[in-house]
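Everything below concerns the one structure shown next.
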Amino acid sequence: MPHRNAPLTETGRLRLARCVVEDGWPLRRAAERFQVSPTTAQRWAARYRAVGEAGMADRSSRPHRSPRRTATRTERRIIKVRLARRWGPARIAGLLNVPASTVHRVLTRFRLARLTHLDRVTGTVIRRYEREHPGELVHVDIKKLGNIPDGGGHKTRGRQASRKTKTGVGYQYIHTAVDDHSRLAYSEILPDEKKETATAFWQRAQAYYAGVGITGERVLTDNGSCYKSHAWRDLLAAAGITHKRTRPYRPQTNGKVERLNRTLLDEWAYARSYQSEQERRDAFPGWLHTYNHHRGHTALAGKPPASRVPNLTGQYT
């Protein structure tokens with residue numbers, strides 16, 4: 001396929017070549033007629049004489065020889081270290097004493113998957129999935145986060161000053177539910193991760209999803225004690241919801257809510273220097289609204305989760 005700036009397609013090249021070879025046009029006249037240089041006209045005419053119509057197709061620009069290409073032995077060593085240790089280009093470069101850019105080119109040339117696309121334990125490529133409709137699967141998780149002392153933490157007051165006030169400030173537990181298909185999130189900041197707290201959170205989350213027309217069918221959690229309790233099991237069973245748990249030490253199975261946890265840390269919890277824990281908590285509802293209604297999601301073609309939930313405003317109930 002011709003590149004975007006090519007003045008001639010294969011059909012145009014063929015017409016130019018026939019004008020020169022069969023009709024006897026001078027090269028300069030043919031070049032002016034087809035708005036190319038005489039050198040270009042000569043090239044296509046020569047190819048037509050040599051191989052006929054087949055010579056009008058594009059040819060590979062790959063060189064026949066690459067004398068400066070990395071040695072095969074070095075390439076094999078790079079690939080061996082990558083597969084065995086699952087290191088990035090910088091660490092491999094330090095071990096093998098080659099430039100990191102060279103390592104990156106070799107990994108790209110052999111189409112080795114990025115480390116972020118690999119399972120940390122097995123090294124196999126993670127297969128992404130997405131449920132077909134909202135409510136088919138809801139991911140639930142808890143994120144433990146240290147509280148900010150009054151006056152601000154080390155980002156505001158410095159590490160020396162913050163050490164005197166951070167003792168005994170405690171923790172907060174962010175309970176979060178994310179719908180697999182729409183990525184619509186419901187989240188609350190709660191004082192602990194006990195079974196009573198987790199079950200009460202799910203009741204409120206379930207009511208929130210029901211209010212926007214989403215009926216939960218399955219819930220996926222990790223193996224935390226609150227999710228293995230009889231209270232959690234009975235609550236889901238009463239609602240006709242199937243409970244699934246991730247395999248031990250495989251948090252990527254619950255990756256959608258794990259990714260949301262990282263996003264809320266980057267864009268809310270550590271986004272700016274808060275003067276107190278209450279100030280940070282007051283900012284959370286606004287951030288969550290932005291996430292659901294306005295923030296573009298890469299998995300949704302740059303649209304927010306609200307784009308996949310027509311009844312999010314409740315106007316059709």
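Read-outs: derived from the displayed coordinates by stated rules, not from any lab. The shown structure was predicted, so the numbers you read here are calculated from the model rather than taken from an experiment. All Cβ positions, even for glycine, are placed from backbone atoms using ideal geometry, and neighbour counts span all protein chains on display.
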Q | the chain: angle of helix 38-51 to the longest principal axis, Cα-based, in degrees nearest 10 | A | 80 degrees
Q. Roughly how tilted is helix 100-109, in degrees to the nearest 10 and between 0 and 90, from the longest Cα axis of the chain?
A. 80 degrees
Q: State the antiparallel share, in %, of DSSP beta bridges confined to the chain, rounding to the nearest 5.
A: 75 percent
Q. Looking at this model, which pairs from Lys195/Lys256; Lys143/Lys244; Lys80/Lys144; Lys228/Lys256; Lys144/Lys244 are more than 29 angstrom apart at the alpha-carbon?
A. Lys80/Lys144
Q. Any idea which of Ala54, Thr246, Ala185 is furthest toward the positive side of the dipole for the chain, if Lys and Arg beta-carbons carry +1 and Asp and Glu beta-carbons -1?
A. Ala54
Q) In nm, to one decimal, how far is the Leu265 label point from the Ala301 one, both placed 7 Å along Cα→Cβ? A) 3.2 nm
(Q) Output needed for the chain: three equivalent-ellipsoid semi-axes, defined as square roots of 5 times the C-alpha gyration tensor eigenvalues, in descending order, whole Å. (A) 58, 28, 22
Q) Treating the beta-carbon of each Lys and Arg as +1 and of each Asp and Glu as -1, no other charges, what is the dipole magnitude of the stretch 10-56 about its Cα centre, to the nearest 20 debye? A) 120 debye
Q | Segment Leu115-Leu190, extension gain: residue separation times 0.36 nm, minus the distance between their alpha carbons | A | 23.6 nm
Q.
With only alpha-carbon atoms in the gyration tensor, what are the semi-axes of the equivalent ellipsoid for the stretch 72-117, in Å, largest first?
A. 14, 11, 10
(Q) Rounding to the nearest 10 and keeping the result within 0 to 90°, find how far the Cα-based axis of helix 72-85 lies from the longest principal axis of the chain. (A) 20 degrees
**Q.** Charged-residue dipole, Cβ positions (Lys, Arg, Asp, Glu), the chain about Cα centre, Debye nearest 20
**A.** 2260 debye
